[in-house]
Amino acid sequence: MEKYQERLTIKSYQTNQYGKASITALFHIMLEAAWAHAQIMDWGYDDLKNHNLFWVLSRFYLKVEKYPAWQDEIILSTWSAGTDGMYAYREYIVEDLQGNILFKGSSAWLILDMDNRKIFRLSDYKGTFPKRLEADACRNPKRIKPDAHTGNLNFYPVLFSELDINKHFNSVKYVERVLDDYGVDFLNENEPSELEVNYLKEAVAGDSVAVTRSKISGNEYLNCLVRQSDGADLCVIRMVWRERK
C-alpha cells in the first residue's frame with residue numbers, strides 16, 4: 001500500500017515538564033496522520049460524511065522506544081494495512097532523522113452510520129479497501145477484557161473541552177484521564193513504554209466517568225473508564241511503565 005509520510009517538529013505545547021513529547025502528543029500525531037492519509041485516499045471525514053458515515057477508533061497499540069524532545073525533527077510514516085471486512089487496520093513508524101525508530105504503533109478502525117451508530121461493512125464502501133495485510137510495524141492491538149470494579153468510584157462529568165467533532169468523548173481524552181489518575185508523584189518517576197486501548201462505548205455531554213486501576217504485573221496496569229448512569233465500561237487501557245530517566 002502507498003505510504004503517507006510527514007516530517008514534523010516537536011512543539012513546546014506537545015511536551016511535558018521534562019521537555020519530552022507526552023504520550024498523548026504521540027497519540028495525537030499518529031491520529032492526525034491517519035486522518036490526513038484517509039483524506040488523500042478518499043476515505044476521509046468529508047468523504048464519509050457525504051454518505052452519512054464516520055470513522056471511529058476501536059483499538060490502538062503504541063510502543064515507545066524513545067520520547068522525542070522539544071524541537072526534535074521526526075519522520076512519520078503510516079499506511080493502510082487492509083481490512084478484514086469490519087476493521088480497517090493502520091500501522092505507523094516514527095523515526096528520527098538518523099533513521100532510529102522512536103515509536104511505532106498499530107490501530108483498528110470502524111465506520112459507523114451517523115444515525116443508528118451501527119457498524120458499516122467496509123467491503124460495501126466503494127470497494128477500495130484491500131484485504132488484511134500481515135503486521136509490519138508491530139503487533140496488532142488486541143482485545144482487552146475489562147477488570148472487575150471494586151470499591152468506591154469517583155465520577156467526573158464529561159467537559160466541553162473533551163468533546164470532538166462527532167460530539168463524543170475524544171479518543172485521547174480517555175488516556176489523559178487515566179494518566180491524571182496516577183498522580184504527579186508516580187508520573188515524575190515513571191513513563192509509559194506501551195499503551196494499548198480498546199474503545200467500547202461512546203461517552204457524550206451529560207455523562208460522568210470514573211477511572212479504575214488494577215495491577216497486572218510489576219510494571220503493567222489495567223485501567224477502565226466507567227459511566228455512572230449505567231455502569232458501562234467505555235474504554236479499557238493497558239499500560240506498561242518504565243522508570244523515567
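The values are calculated or read from the model by the stated rules, or taken from the named source; none is laboratory data. Please read these numbers as outputs of a predicted model, since none were measured by experiment. Here the Cβ positions follow ideal geometry from the backbone for every residue, glycine too, while neighbour counts run over all protein chains shown. Note: accessible area is taken over every heavy atom of the protein model, side chains too, but ligands, DNA and RNA are not part of it. Shrake-Rupley method; radii C 1.70, N 1.55, O 1.52, S 1.80 Å.
In the stretch 149-200, the residue that is farthest from GLY231 (Cα to Cα) out of those that are surrounded by 15 or more Cβ atoms within 10 Å (Cβ to Cβ), free of Cβ contacts under 8 Å to residues at least 60 places away in the same chain and not aliphatic (A, V, I, L, M) is ASN190.
In the stretch 20-60, of all residues being hydroxyl-bearing (Ser, Thr, Tyr) and under 29 Å from GLY99 (Cβ atoms), the one that is surrounded by the most Cβ atoms within 10 Å (Cβ to Cβ) corresponds to SER22.
Does SER214 satisfy the condition of being more than 14 Å from the chain's Cα centre (by Cα) and either closer than 23 Å to PRO141 by Cα or open to solvent by 50 Å² or more (accessible area, probe 1.4 Å) (or both)? So SER214 passes the test. Checking each residue in the stretch 37-52 for being over 18 Å from the mean Cα position of the chain (by Cα) and under 25 Å from VAL175 (Cα atoms) picks out no residue at all.
From the list GLY85, GLY99, GLY127, the lone residue that is at pLDDT 85 or above and either crowded, with 17+ Cβ neighbours inside 10 Å or on the phi > 0 side of the Ramachandran plot (or both) is GLY99. Restricting attention to the stretch 23-45, the residues that are touching a residue at least 12 places away in the same chain (Cβ under 8 Å) and assigned to a loop (DSSP other than H, G, I, E, B) total 3.
Filter the stretch 230-245 for residues that are out of contact with any strand residue (DSSP E or B) (no Cβ under 6 Å at 6 or more places or on another chain) and farther than 21 Å from ARG143 by Cβ; which is most open to solvent (accessible area, probe 1.4 Å)? Full working, then the answer.
Start the filter on the stretch 230-245 by keeping residues that are out of contact with any strand residue (DSSP E or B) (no Cβ under 6 Å at 6 or more places or on another chain), which leaves 230-232, 243, 245.
Checking which are farther than 21 Å from ARG143 by Cβ leaves us with 230, 243, 245.
Working: ASP230: 90, GLU243: 133, LYS245: 219 Å².
Of everything passing the filter in the stretch 230-245, LYS245 is most open to solvent (accessible area, probe 1.4 Å).
Each residue in the stretch 61-82 was checked for being open to solvent by 30 Å² or more (accessible area, probe 1.4 Å), in contact (Cβ under 8 Å) with a residue 40 or more places away in the chain and not in a strand (DSSP E or B), and 3 pass.
Just to be sure I understand, how many residues within the stretch 217-229 are in a loop (DSSP other than H, G, I, E, B) and either open to solvent by less than 10 Å² (accessible area, probe 1.4 Å) or free of Cβ contacts under 8 Å to residues at least 60 places away in the same chain (or both)? Quick ask: steps written out before the conclusion?
From the stretch 217-229, those in a loop (DSSP other than H, G, I, E, B) are 217-219, 228-229; that's our starting set.
Checking which are either open to solvent by less than 10 Å² (accessible area, probe 1.4 Å) or free of Cβ contacts under 8 Å to residues at least 60 places away in the same chain (or both) leaves us with 217-219, 229.
Total satisfying the criteria: 4.
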